[in-house]
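Take a look at the structure set out below.
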2 protein chains.
Amino acid sequence: MAVGAEKSLKLNPVKGFRLGIASAGIKKPGRRDLVVMQIAEGSSVASVFTRNQFCAAPVVLAKQHLATQSQPRYFLVNTGNANAGTGQQGLQDAKRCCEALAAKTQISVESVLPYSTGVIGEPLPVEKILAALDDAIEDLDENHWLEASYGIMTTDTRPKGHSVVLEHQGKPFTITGISKGSGMIMPNMATMLGYVATDAQVDPALLQTLLSQVNEQSFNRITVDGDTSTNDACMLVATGQSGVSINPDDSELLDRFVSALREVMLEIAQAIVKDGEGATKFVEIRVDHATTSQEALDVAYTIAHSPLVKTALFASDPNWGRILACVGRAGVANLDVNAVTIWLGDVMIVEQGGRASSYTEEQGQAVMDQEEIRIVVSLNRGQVSETVWTTDLSHDYVKINAEYRS
Amino acid sequence: MAVGAEKSLKLNPVKGFRLGIASAGIKKPGRRDLVVMQIAEGSSVASVFTRNQFCAAPVVLAKQHLATQSQPRYFLVNTGNANAGTGQQGLQDAKRCCEALAAKTQISVESVLPYSTGVIGEPLPVEKILAALDDAIEDLDENHWLEASYGIMTTDTRPKGHSVVLEHQGKPFTITGISKGSGMIMPNMATMLGYVATDAQVDPALLQTLLSQVNEQSFNRITVDGDTSTNDACMLVATGQSGVSINPDDSELLDRFVSALREVMLEIAQAIVKDGEGATKFVEIRVDHATTSQEALDVAYTIAHSPLVKTALFASDPNWGRILACVGRAGVANLDVNAVTIWLGDVMIVEQGGRASSYTEEQGQAVMDQEEIRIVVSLNRGQVSETVWTTDLSHDYVKINAEYRS
């Protein structure tokens, strides 16, 4: 189940970034579950990783490799097994995979970054991965973004990607990204897995700044179940092969680039929410007029994570009292509840500490019946707004997660 | 659905505390939904209320009344309607109910404390309550604890109560309590509703200290869905009519009293969890060797509120990776993940950052198949332990909460 119709993805190639897909049979035989991404020499690479302290072996190793070699040449991604909670053996297993790819492509092991997603706590089937590496390398192609978007899926029901082509002084340049994830999604990390590449030239330090900034406005504002994964990563690569250079000297071009990057990352982040496990609704929660960003986020996430609000959303029930109760328990110091207003879509539901005088159940029902729902809370005490995106909590969420390993 | 077999309740009367039950037809005709509790003159009364800032009208009014009259004489409890999110009208409605009871019993309005539980945001049906007051007053009896435990239920599937009789120098004295609640349960508050009375004599200041302290170890350690209600309250009354006086001069007696009070409050708090909406498992989560209480509680509640852990518990799936991921994202500063150990019951599942070497899936499955499950996390960095109690997340939780108002 997922919210909205599946879009057909048109993912434009990025010069200097090639993707190869193979079947390693990690969890299911025949499934395309291994993706190698090749980055042209001289590219800049930026990264954000999970803040879960039990981070998976590939995350630990990727960070170690980045610390010694800031220009990685390959990403090696497997699905079906997260190689998380696997201790020292997990680190050795991840390293063996990197070593094998490095040997085959005649680069240093530190130039390979590993990524794993899937079930936690099972040993990584290293031999299966090694056996499929040649197939993946042979498959490397700038036009394989769509195939790769399938190759990184776990419980996802649909691939996720977005692409924007811009132009500067007659030269086209491209930003393309793919992502995966539909459960164990919550902020305080990067994402599940996201890979974004551009053929613009961007200095590594600037690239990292832009990734961190746009990540805050996209992947770090989505939540399905409040569970931060052990394996989340988002990578941004700039190959420079379009001949267009992005730098602070041309602020107009920089702004256009950031805007397009935000479009790509927001699209592939929101696609994760729309494909959230069991999701039947896509919900935007905006908190306005807070005094600080943290205060706004506290209120937004309290609503987004409330099982009572989420089940009411699933039932299309305008049970606004549950939203009001969330605002009241979000820990906002000295909140004046009489100043708070709450809207469902364009319908005001709460004012003066209770149901808005103009509200009718029919109005609330009309908003709740929609597949995409916006909740707006105004605290009316400051100037800061924050927005997060989430899903409802359905029978199918329980079914999917109760039966995940069986 | 609820965990374990329903116990038959033996609730001993408390001299000087009488309970009367009536049918007001608030939500369903014929349902016994109104309870009046009469407190003998000269009793001490202690209270804890919800910390939700959108607290309901009866909570606001009860606090106001306690501020002017510290020796209340009546509790007036209705189920079926929470009188929350009802603004100024809600306050007036609660006051009218108190005034009516005060007039009928010839006491001041401030001597009546109101409590409401049920659906949020609907106007309180004041006339129905007023019409049933005489019946409730006429029904007042020291032996009506069991009937009252039914009279305060909402989505509860069974009544909740516990009673202990002690003896001091040949004189018996009693502590009896009842509670209600099965959803919108989380700490940062008192409970749903809890009423505990003793015929021991306890000074009001000491009584408040004891209630606050024992509440921290009972009602404030249970969670079903992480949603703090707008209406939670727990009251403790000491009538003194047994002739036994509890005070710090006799520390042995004081200890016995506190121990019995803890037994009663823990029993009626845990009964709420066992009757949690859709609950099929009763889960104790203990975090040992933390540096601070807050750190231990952060880890415990992160596990207790994780939809992924809760669905795995529902499925009896020893998916320990989800527990490990919770420990990693609980925000413990500078956590050494290699020092953390995690047990399911008596089975060690995690050590050295990964699956314990001695662990087998069969062992984990054997624990998970039980109806009562204990998860123990040792952070191995300090001396503090904390325990919380929670439930799984089942199909029925979604069903109950998606259909609550229909």
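For chain A, what percent of Cα pairs sit more than 42 Å apart?
16 percent
I'd like the distance separating the alpha-carbon centroids of the range B:335-376 and the range A:197-216, in whole Å.
Distance between centres, Cα-based: 41 Å.
Give me the one-decimal Kirkwood hydrodynamic radius in Å for the range B:189-306, with the sum taken over alpha-carbon pairs.
Mean inverse Cα-Cα distance, inverted, gives 15.7 Å.
Going highest first, how would you order A:356-367, B:313-324, B:104-115 by mean Cβ packing within 10 Å?
Ranked from most to least packed, the peptides come out as B:313-324, B:104-115, A:356-367.
Which value at 222 nm does chain A reach when only helices count, each DSSP H run of 4 or more adding -39,500 (n - 2.57), with the total divided by all residues and rounded to the nearest 500 deg cm²/dmol?
Calculated from helices alone, the mean residue ellipticity at 222 nm is -10500 deg cm²/dmol.
Round to the nearest 10 and give me the degree value, 0 to 90, for the angle of helix A:320-329's Cα axis relative to the longest principal axis of chain A.
Approximately 70 degrees, to the nearest 10.
Among all the lysines, which ones have a C-alpha under 18 Å from B:LYS399's C-alpha, if same-chain residues fewer than 8 places away are not counted?
Within the straight-line limit of under 18 Å, B:LYS399 reaches these lysines: A:LYS281, A:LYS310, A:LYS399, B:LYS274, B:LYS281, B:LYS310.
So which residue, out of A:THR155, A:THR390, A:THR68, gets the largest mean-square fluctuation from a GNM of chain A using Cα contacts under 10 Å as springs?
Taking springs between Cα atoms under 10 Å, the residue moving most is A:THR68.
Across peptide A:262-271, what mean number of C-beta atoms from other chains lies inside 10 Å of a residue's C-beta?
0
At A:ARG158 and B:GLU127, where each label point lies 7 Å from the Cα along Cα→Cβ, what is the point-to-point distance in nanometres?
5.2 nm
Which order results if B:GLU6, A:GLU386 are arranged by neighbouring Cβ count within 10 Å, fewest first?
Ordered from fewest to most neighbouring Cβ atoms within 10 Å, B:GLU6, A:GLU386 come out as B:GLU6, A:GLU386.
From Cα pairs below 8 angstrom and at least 6 apart in sequence, can you work out the relative contact order of chain B, rounded to a whole percent?
18 percent
Of A:ILE373, A:ILE342, how do they rank once you tally other Cβ atoms within 10 Å and put the fewest first?
Result, fewest neighbours first: A:ILE373, A:ILE342.
Using a simple spin-label model with points 7 Å from Cα along the Cα→Cβ vector, what separation in nm is obtained for A:GLN169 and B:ARG381?
Placing both labels 7 Å along Cα→Cβ, they lie 5.2 nm apart.
Quickly work out the B:SER293-to-A:GLU138 label distance, labels modelled 7 Å from Cα along the C-beta direction, and quote it in nm with one decimal.
Distance between the two pseudo-spin positions: 6.5 nm.
In terms of Cα to Cα distance under 29 Å, which lysines are near enough to B:LYS171, apart from those fewer than 8 places away along the same chain?
Leaving aside lysines fewer than 8 places away in the same chain, those within reach of B:LYS171 are B:LYS7, B:LYS10, B:LYS15, B:LYS160.
Add +1 for every Lys or Arg and -1 for every Asp or Glu among the other residues with Cβ under 10 Å from the Cβ of B:ALA339, and state the total.
Residues close to B:ALA339 contribute a combined charge of -1.
If one computes the Cα centroid of the range B:93-135 and of the range B:1-55, what distance in Å separates the two points?
14 Å
Within the set of other residues whose C-beta is less than 15 Å from the C-beta of A:ILE107, count the net charge using Lys and Arg as +1 and Asp and Glu as -1.
+1
Rounded to the nearest 5, what is the percent of antiparallel bridges among the DSSP beta bridges in the range B:24-119?
Antiparallel: roughly 45 percent of the beta bridges in the range B:24-119.
Given the options B:GLY276, B:GLY87, B:GLY20, state which has the largest fluctuation in a GNM of chain B using a 10 Å cut-off (strictly under) for Cα springs.
B:GLY87
Scan around B:THR86 for amide H atoms under 5 Å from its own, H built in the peptide plane at 1.01 Å from N, and keep only partners 5 or more places away or cross-chain.
For B:THR86, the qualifying residues are B:ALA57.
Would you grab the residues whose amide H sits under 5 Å from the one on B:THR280? Only those 5+ places off in sequence or on another chain, please, with H modelled 1.01 Å from N.
Here the answer is B:ASP392, since their amide H atoms fall under 5 Å of that of B:THR280.
Between A:THR174 and residues 5 or more places away or on another chain, which pairs have amide H atoms under 5 Å apart, with H built 1.01 Å from N, and which residues are they?
A:LEU166, A:ASP199, A:ALA200
Once both axes come from the Cα atoms, what is the angle between helix A:87-105 and the longest principal axis of chain A, in degrees from 0 to 90, rounded to 10?
50 degrees
Out of all DSSP beta bridges in chain B, what portion is antiparallel? Express it as a percent rounded to 5.
70 percent
Excluding A:THR280 itself, what net charge comes from residues whose Cβ is under 10 Å from its Cβ, given Lys and Arg +1 and Asp and Glu -1?
Around A:THR280, the charge tally is -2.
For the protein assembly as shown, give me the percentage of DSSP beta bridges that are antiparallel, rounded to the nearest 5 percent.
The antiparallel proportion sits near 70 percent.
Please give the helix A:251-274 orientation as an angle from the longest Cα principal axis of chain A, in degrees from 0 to 90, rounded to the nearest 10.
Between the helix axis and the principal axis of chain A, the angle is about 80 degrees.
Values in this text are rule-based calculations from the coordinates and carry no lab data. Since the model is a prediction, treat every value here as computed from it, not as a measurement. With ideal geometry, Cβ positions are generated from the backbone for all residues, glycine too; neighbour counts draw on all protein chains shown.
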